[in-house]
Amino acid sequence: MTILIINANEIITLKSEVKGPRIKEAMSELAILKGVSVLLEGDRIARIAPLADIEAECPELVEQAQVIDATGKIVMPGLVDCHTHLVHGGTREHELNMRLSGLTYMEIMNAGGGIHYTTTKTREASYEKLYEKTYAHLNDFLRYGVTTVEAKSGYGLDWQTERKQLEVAKTLHKNHHVDIVSTFMGAHAVPKEYKDNEDAFVDLVVEEMLPKVAELGLAEFNDVFCEHGVFTPEQSRRILVAGKRLGLTPKIHADEIEPYEGAELAVEVGAISAEHLLVASDKGIKAMAKAGTIAVLLPGTAFFLRAPFARGRLMVDSGVPVAVSTDFNPGSSPTISVPFIQNLACMNMGMTMEEVLCATTINAAYAINRGDEIGSLEVGKKADILLLNVPNYKQLQYFYGMNHTDTVIKAGKVVVRGGILL
């Protein structure tokens with residue numbers, strides 16, 4: 001199929017001559033083009049140029065193309081949500097009043113709620129129920145302009161359920177328009193049956209689960225919740241190093257609730273990203289900047305937990321490559337709205353309108369090792385493209401809490417039009 005997009009007010013390409021995630025001032029360079037059109041051939045971007053040039057150089061393609069008139073709209077890359085807990089059973093709305101009454105995240109979890117509650121519901125859910133529920137969530141993501149999602153396991157905490165989560169994600173990657181990148185997170189919490197015997201559970205993750213994940217090709221990344229009362233830095237290091245030996249790239253839930261040297265550990269083990277970082281130390285931030293470790297910031301979690309927000313402004317200014325994501329999960333961030341997350345990043349983490357667009361496209365793509373394929377509009381890249389109902393990109397943050405998505409093109413195919421899933 002060939003598609004020709006014409007008459008856009010602005011085309012936000014995020015193209016750069018520098019490879020890799022953007023840092024500092026480069027995060028504000030959106031590479032906006034005006035007076036040009038975009039030609040798609042198959043699942044790729046074929047040309048970005050003035051319409052007359054495209055017509056002269058590719059007359060046969062233009063003649064057969066489906067023309068999309070973007071008058072009054074902006075065009076930009078599909079959004080990339082690089083940190084979610086996509087596949088899970090149940091919901092946890094009953095915990096909201098507990099939190100509003102003053103209970104902390106860890107107090108709720110230690111009382112049998114939190115991750116433990118969702119683990120029970122996910123263990124109970126059939127493969128078919130998880131598939132159906134996750135498919136519906138992916139439809140919602142697509143309506144909000146999200147074309148690629150990272151999905152962590154971690155609500156099984158036993159091999160049978162972890163495998164079930166990962167297999168649901170793997171099948172949906174084939175069957176749904178949204179691309180899914182899988183992360184194994186068997187070390188999301190210590191299951192109740194291993195209370196006071198945490199090292200034995202670490203043994204199970206390292207010696208049994210990780211080898212099976214690698215053998216079956218169920219995940220690309222390996223994550224761990226390094227936190228007081230969950231996994232120590234020593235236990236986290238062992239899990240991440242073991243996964244790395246098996247070909248699984250390390251990620252880490254770091255410094256979310258208490259400072260725990262998670263950012264420093266991310267650098268030490270060569271993690272592609274450290275995620276959350278609400279209370280990351282100055283030392284850890286400097287180390288991440290030096291190493292080029294991507295900070296995946298999750299303002300929705302701070303918002304929902306009523307916790308201090310990560311120091312996004314400091315991280316950008318320090319030279320840390322920053323990505324921003326929803327952390328979609330049933331307990332601490334039950335939202336699929338990347339546009340709202342962008343708003344929070346601007347209003348509560350000190351990031352600019354330009355930086356949050358970079359953080360939810362090209363930098364988010366690099367956080368899941370997809371920066372060469374998605375995250376910017378460049379000839380040869382995958383044709384994941386949005387048309388948004390605003391005349392300029394600044395209105396995306398000005399009109400906050402709104403979904404401006406009109407059209408979603410995924411891999412060269414129109415899958416949302418007029419805000420309606422096709």
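The values are calculated or read from the model by the stated rules, or taken from the named source; none is laboratory data. If you're wondering where the values come from, they're calculated on a predicted model, not measured in any experiment. Glycine also receives a Cβ, built like all others from the backbone with ideal geometry; neighbour counts cover every protein chain displayed.
Can you tell me how many residues in region 268-309 are within 24 Å of residue 337 (Cα to Cα) and assigned to a helix (DSSP H, G or I)?
Count: 7.
I need the full set of residues from region 272-287 which are over 30 Å from residue 247 (Cβ atoms) and among the acidic types (Asp, Glu), in order please.
282
Of everything in region 111-137, what is aliphatic (A, V, I, L, M), within 30 Å of residue 385 (Cα to Cα) and surrounded by 20 or more Cβ atoms within 10 Å (Cβ to Cβ)? Give them in sequence order.
Residue satisfying the conditions is 130 alone.
Go through (1) closer than 27 Å to residue 357 by Cβ; (2) more than 19 Å from the chain's Cα centre (by Cα); (3) crowded, with 23+ Cβ neighbours inside 10 Å one by one and return the number of the condition residue 287 breaks.
Of (1) closer than 27 Å to residue 357 by Cβ; (2) more than 19 Å from the chain's Cα centre (by Cα); (3) crowded, with 23+ Cβ neighbours inside 10 Å, only one is false for residue 287: (3).
Looking at 292, 319, can you tell me which residue is touching a residue at least 40 places away in the same chain (Cβ under 8 Å) and within 20 Å of the chain's Cα centre (by Cα)?
Result: 292 is the single residue among 292, 319 that is touching a residue at least 40 places away in the same chain (Cβ under 8 Å) and within 20 Å of the chain's Cα centre (by Cα).
Within the group 206, 181, 224, 230, which residue is in contact (Cβ under 8 Å) with a residue 60 or more places away in the chain and among the β-branched types (Val, Ile, Thr)?
Among 206, 181, 224, 230, only 181 is in contact (Cβ under 8 Å) with a residue 60 or more places away in the chain and among the β-branched types (Val, Ile, Thr).
Taking the stated definitions as given, is residue 73 buried (at least 16 other Cβ atoms within 10 Å of the Cβ), at pLDDT 95 or above, charged (D, E, K, R) and closer than 30 Å to residue 298 by Cβ?
Considered against the rule, which asks whether it is buried (at least 16 other Cβ atoms within 10 Å of the Cβ), at pLDDT 95 or above, charged (D, E, K, R) and closer than 30 Å to residue 298 by Cβ, residue 73 comes out as yes.
Does region 184-200 hold any residues that are free of Cβ contacts under 8 Å to residues at least 24 places away in the same chain and not acidic (Asp, Glu), and which are they?
Listed by number, the residues that qualify are 194, 195, 197, 200.
Need pairs with beta-carbon distance below 7 Å; first residue under 30 Å from residue 292 (Cα atoms) and within region 1-24, second in a loop (DSSP other than H, G, I, E, B) and aromatic (Phe, Trp, Tyr); sequence gap 6+ or separate chains.
12/393
State which residue is nearest to residue 276 (Cα to Cα) when the search covers only region 74-109 and only residues that are assigned to a helix (DSSP H, G or I) and touching a His at 6+ places or on another chain (Cβ under 9 Å).
106
Does residue 89 count as more than 30 Å from residue 371 (Cβ to Cβ), at pLDDT 95 or above and within 27 Å of the chain's Cα centre (by Cα)?
The answer is yes for residue 89.
Between residues in region 95-110 that are over 17 Å from residue 227 (Cβ atoms) and surrounded by 16 or more Cβ atoms within 10 Å (Cβ to Cβ) and residues that are basic (Lys, Arg) and at pLDDT 90 or above, which pairs lie under 9 Å by C-beta distance while being six or more apart or on different chains?
Between residues of region 95-110 that are over 17 Å from residue 227 (Cβ atoms) and surrounded by 16 or more Cβ atoms within 10 Å (Cβ to Cβ) and residues that are basic (Lys, Arg) and at pLDDT 90 or above, the close pairs are 99/306.
Output the residues belonging to region 226-267 that are in a loop (DSSP other than H, G, I, E, B), among the aliphatic types (A, V, I, L, M) and under 18 Å from the mean Cα position of the chain (by Cα).
Matches in region 226-267: 248 only.
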